[in-house]
Each structure stands twice: as C-alpha cells, then as structure tokens.
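Before any comments, here is the structure.
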Amino acid sequence: MTVPPDGSPSPSPMLIFIRSVVFNALFYLTLIVMCVLALPTMLLPYRYLIGMAKLWARISLWLLRIVCGVGFELRGAEHLPKGALLMAAKHQSMWETFVLLLLLDDPVYILKRELMWIPVFGWFTWKAGMVSVDRGKGTRALAAMMQRARQELARGRQIIIFPEGTRRAPGAEPRYKNGVAHLYAALGVPCVPVALNSGLFWPRRSLMRYPGTIVVEVLPAIAPGLDRDAFFAELQQAIEPASAALIAEGRRQRQF
C-alpha cells in the first residue's frame, strides 16, 4: 500500500507555505462537510460512522498528496493479526490519528475525555465507541479505561493507543506512560507496535506540510502473557529503534 509523492522538483519554501495553507483550508473544510454528512449515522449502527471516518481519512490522504506532495507508505502489514488486538503507535503528528483508521477493520481509539466534550465531534466519538480517559482520576481512570476496552474487544474490535499520551517531536526523548502496560496485562490480546516518521512532514503545532513520503511500519506483534515490566521494555525496544531508522530515512529525502 504505497502512495508516492508527485515526484516534482523540490519546491521553494514559499511554495511549501502556500500549499500548506491551501491544504489546511481544504482539510478542515472537508472535515466540516463530512461531519454534516455523517449526522444521519447517529441513528444507524456505529459501523456506518466508522465507514464515514475512513472515507474522510482517504480523502485527506489524497488532498495531502495532491496539494502538498506528501505520500504514504505502509510496511509490515503482514504483522497485523486478525480479530481483537491492541495497537501501540508512536505519536508525532495529527496525521496518524486518522490514517491508522485505515489499517484496521473495526478500530477504537483510547483518547482523552476532553475530546468527547467537543460539539458534534464528541458525539461522533461516543457513537463510534471510542474509549475516553479522565486523566484527573488516576487509578480510577485506568480501571474505567480497561473496563471499556474489554467491552469493545468482546465485539472483536481493535484498540489503538498512543503510549506516550501526546505528540512528541521526531527524535525527542520517549516518554511512555504506564497505561499501555496495564492495558496489555488486562486485555490478554496481542499488542502490535507501530513506528512512523510523520512528524517530519506534518509537524506538531505547525501548519506546514513538507513534501516527502511518510512511512508507517507495523512491527511483529508482542504475544500476550508477559508481565507488565517485561512488556513495557519490549514495546519500547521495538518502537524506538524502528522509529529512529524511519526518521533518519525521512531526513535523507528532505531537501528543504
């Protein structure tokens, strides 16, 4: 599954800026339109809403490629097991928050509770069965998160979590939270680590979108049954070197 960039000569910084502004306008306009079109799905089974979200993700990838010359390459798709699983992904950008939807049949995100308070968007996250975490409640939040995750796994769904809890710049020191280890221990399903380099081309807290190819690498699944400490170490040992290699690869193709 590869969507290459347009192959044109490296654009000037001003052209990159103009394209980024155009893309962001189209991206958020498309989001608004899709939210309006998706309103009837509130009365339908949640899978219709997931289908609309995946359509929006595909449109967004197409806009990103056409307007900004940012492509997408998926590696390691063969490492995705069928059925219920836990996916633990590196988090560098907003990009992966919608693209990872396309890798799984019936995905569920672990997200902070405040996102569910956003009008319309919050309704959709509730309808789609997303699992919210109230970070202010400590261990009670963990217990509630695991209970909800179990409910969704029982339906054969796939849980997506960003173990660092927030976006981190490419190459920044990793800061994994213990929540992913507690979730792994409680759920008893394979955990699929995911490395990526999206932050090079869609930086956090920036409107710039730099041309190149974002690579997502699905790594071999970690089987259930490890103790929490062993799992926590193995997860980081899988994701961090792979992400570092992808970042180095991405930096070599950036010529701006």
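The values are calculated or read from the model by the stated rules, or taken from the named source; none is laboratory data. These figures come from a predicted structure and were not determined experimentally. Backbone-built Cβ (ideal geometry, glycine too); neighbour counts: all protein chains shown.
Brief remarks follow.
- Among the residues of the stretch 219-234, those that are in contact (Cβ under 8 Å) with a residue 60 or more places away in the chain and in contact with a strand residue (DSSP E or B) (Cβ under 6 Å, 6 or more places away or on another chain) comprise LEU219, ALA221.
- Conditions (1) touching a residue at least 24 places away in the same chain (Cβ under 8 Å); (2) surrounded by 16 or more Cβ atoms within 10 Å (Cβ to Cβ); (3) over 21 Å from ALA195 (Cβ atoms): number failed by MET52: (1)
- Any hit, the stretch 232-241, residues being at pLDDT 95 or above, assigned to a loop (DSSP other than H, G, I, E, B) and of a type in the set (A, V, I, L, M, F, W, C): no
Residues checked against (1) surrounded by 16 or more Cβ atoms within 10 Å (Cβ to Cβ); (2) modelled with pLDDT of 95 or more; (3) more than 28 Å from ALA195 (Cβ to Cβ); (4) of a type in the set (Ser, Thr, Tyr):
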residue	(1), (2), (3), (4)
ARG58	no, yes, no, no
LEU63	yes, yes, no, no
VAL70	yes, yes, no, no
TYR109	yes, yes, no, yes
TRP117	no, no, yes, no
THR125	yes, no, no, yes
ALA141	yes, no, no, no
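- Single residue of the stretch 72-106 satisfying the filter (over 21 Å from ILE16 (Cα atoms) and touching a Lys or Arg at 6+ places or on another chain (Cβ under 7 Å)) that is modelled with the lowest pLDDT: ALA84
- Only listed residue being outside any helix (DSSP H, G or I) and either surrounded by 13 or more Cβ atoms within 10 Å (Cβ to Cβ) or basic (Lys, Arg) (or both), chosen from GLY156, GLY165: GLY165
- Entry remark, the stretch 188-225: residues being charged (D, E, K, R), within 19 Å of PRO13 (Cβ to Cβ) and buried (at least 19 other Cβ atoms within 10 Å of the Cβ) number 1 in total.
- Taking (1) more than 21 Å from LEU235 (Cα to Cα); (2) of a type outside the set (A, V, I, L, M); (3) within 17 Å of the chain's Cα centre (by Cα) in turn, TRP123 satisfies each apart from (3).
- In the stretch 131-149, the residues that are in contact (Cβ under 8 Å) with a residue 24 or more places away in the chain and more than 20 Å from the chain's Cα centre (by Cα): LEU142
- Among the residues here, ILE32 does not qualify as surrounded by 12 or more Cβ atoms within 10 Å (Cβ to Cβ) and either at pLDDT below 95 or part of a helix (DSSP H, G or I) (or both).
- Of all residues in the stretch 180-216, those that are free of Cβ contacts under 8 Å to residues at least 60 places away in the same chain and of a type outside the set (A, V, I, L, M) total 4.
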